[in-house]
1. Where in region 68-182 are there helices (runs of 4 or more DSSP H), lying wholly inside it, with at least 2 residues that are within 30 Å of residue 267 (Cβ to Cβ) and in contact with a helix residue (DSSP H, G or I) (Cβ under 6 Å, 6 or more places away or on another chain)?
2. Can you find even one residue in region 205-216 that is under 19 Å from residue 184 (Cβ atoms), at pLDDT 95 or above, within 16 Å of ligand 2 (Cβ to nearest atom) and crowded, with 18+ Cβ neighbours inside 10 Å?
3. How about region 196-273: which helices (runs of 4 or more DSSP H) wholly inside it have at least 3 residues that are within 12 Å of ligand 1 (Cβ to nearest atom) and touching a residue at least 40 places away in the same chain (Cβ under 8 Å)?
4. Working only within region 58-81, note down all residues that are farther than 30 Å from residue 235 by Cα and under 18 Å from the mean Cα position of the chain (by Cα).
5. If residue 134 satisfies all but one of (1) more than 15 Å from ligand 1 (Cβ to nearest atom); (2) under 30 Å from residue 229 (Cα atoms); (3) surrounded by fewer than 18 Cβ atoms within 10 Å (Cβ to Cβ); (4) touching a residue at least 40 places away in the same chain (Cβ under 8 Å), what's the number of the condition it fails?
6. With the condition kept exactly as written, say whether any residue in region 116-129 is in contact (Cβ under 8 Å) with a residue 12 or more places away in the chain, over 17 Å from residue 5 (Cβ atoms) and surrounded by fewer than 20 Cβ atoms within 10 Å (Cβ to Cβ).
7. Give the residues of region 82-109 that are surrounded by fewer than 23 Cβ atoms within 10 Å (Cβ to Cβ), under 17 Å from the mean Cα position of the chain (by Cα) and under 27 Å from residue 214 (Cβ atoms), sorted by residue number.
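The values are calculated or read from the model by the stated rules, or taken from the named source; none is laboratory data. Note that the coordinates shown come from a computational prediction; the quantities given were computed from them, not determined experimentally. Methodologically, a virtual Cβ is constructed for each residue, glycine included, from the backbone with ideal geometry; neighbour enumeration extends over all protein chains shown.
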Ligand SMILES: Nc1ncnc2c1ncn2[C@@H]1O[C@H](COP(=O)(O)OP(=O)(O)O)[C@@H](O)[C@H]1O
Ligand SMILES: [Mg+2]
């Protein structure tokens, strides 16, 4: 069975779809077979990102590795019970189908709580939570005293992850490796950045997550989305050498993937070609 990586955070705009797409392409470029599932059908960012990629491939005839993709919409059945049954069936089918022929499955989830999103969390082998580098985002993980920065307890998202960890344990005895990654980091070493870093560090052990080095704030992420490309697709040429900013950004993505330890998970797979 494939190793399942879920991107989740009950907040829109934290970088789930961007990080999901970059992780998928990074693993593909390492030679792994990757499937992907978009559970945020309403926004459909991951699906649209890939659609733009296919348009780019069609127009340039460039070979760009792409995941086998599925999008699962929210059920429109008449009752909540039927909706849940249908959503559970769709997700199970998608995981079986992709799981049999891929090393990794990347699941992108919506920025709101839903049955489907919780269910996906309970299937995660690795859960990656990107968060904007601010106390507003930190608030979804922990209830923090604003004056002293003491932790009063877990917040809604952390409680949900704890619930899904229990669900996972009950279902197959498995565990979820939870990684929190800071996104849109400011390039200046501002006070706020240091404070968020300190508080996040203090949460890691009690809440049971690891902290991955994150991505800095870079306009290029928006430009790449429009073309369906990732930092890992940028080609260097004599006429167009990569900028220092592009190189460091790409390095940040690679560091996140190293943090996953793909070779430990699925053994060494020889890159294609
Ligand atoms: N590190 C970053 N620097 C600049 N823009 C970013 C960064 N990460 C994400 N973005 C942009 O922020 C917006 C929201 O990101 P997205 O991945 O769609 O978040 P989510 O899926 O959590 O809602 C997008 O326009 C994306 O291009
Ligand atoms: Mg998204």
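1. Details: elements: 80-99, 115-122, 135-138, 156-172.
By residue number, 115-122, 156-172.
2. Yes: one or more hits.
3. On the way: elements: 220-227, 244-260, 262-266.
The helices (runs of 4 or more DSSP H) meeting that bar are 220-227.
4. Kept after step one, since they are farther than 30 Å from residue 235 by Cα, are these residues of region 58-81: 72-81.
Within region 58-81, 72 is the sole residue that qualifies.
5. Residue 134 satisfies all of (1) more than 15 Å from ligand 1 (Cβ to nearest atom); (2) under 30 Å from residue 229 (Cα atoms); (3) surrounded by fewer than 18 Cβ atoms within 10 Å (Cβ to Cβ); (4) touching a residue at least 40 places away in the same chain (Cβ under 8 Å) except (1).
6. If we filter region 116-129 for residues that are in contact (Cβ under 8 Å) with a residue 12 or more places away in the chain, which is where we start, we get 116-129.
Now narrow it down to the ones that are over 17 Å from residue 5 (Cβ atoms): none.
No: region 116-129 contains no residue that is in contact (Cβ under 8 Å) with a residue 12 or more places away in the chain, over 17 Å from residue 5 (Cβ atoms) and surrounded by fewer than 20 Cβ atoms within 10 Å (Cβ to Cβ).
7. Once the filter is applied, which keeps residues that are surrounded by fewer than 23 Cβ atoms within 10 Å (Cβ to Cβ), under 17 Å from the mean Cα position of the chain (by Cα) and under 27 Å from residue 214 (Cβ atoms), region 82-109 yields only 103.
So that you can scan it fast, the table gives a plain yes or no per residue for (1) over 21 Å from residue 251 (Cβ atoms); (2) not in a helix (DSSP H, G or I):
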residue: 12; (1), (2): yes, yes
residue: 21; (1), (2): no, no
residue: 32; (1), (2): no, yes
residue: 54; (1), (2): yes, no
residue: 59; (1), (2): yes, no
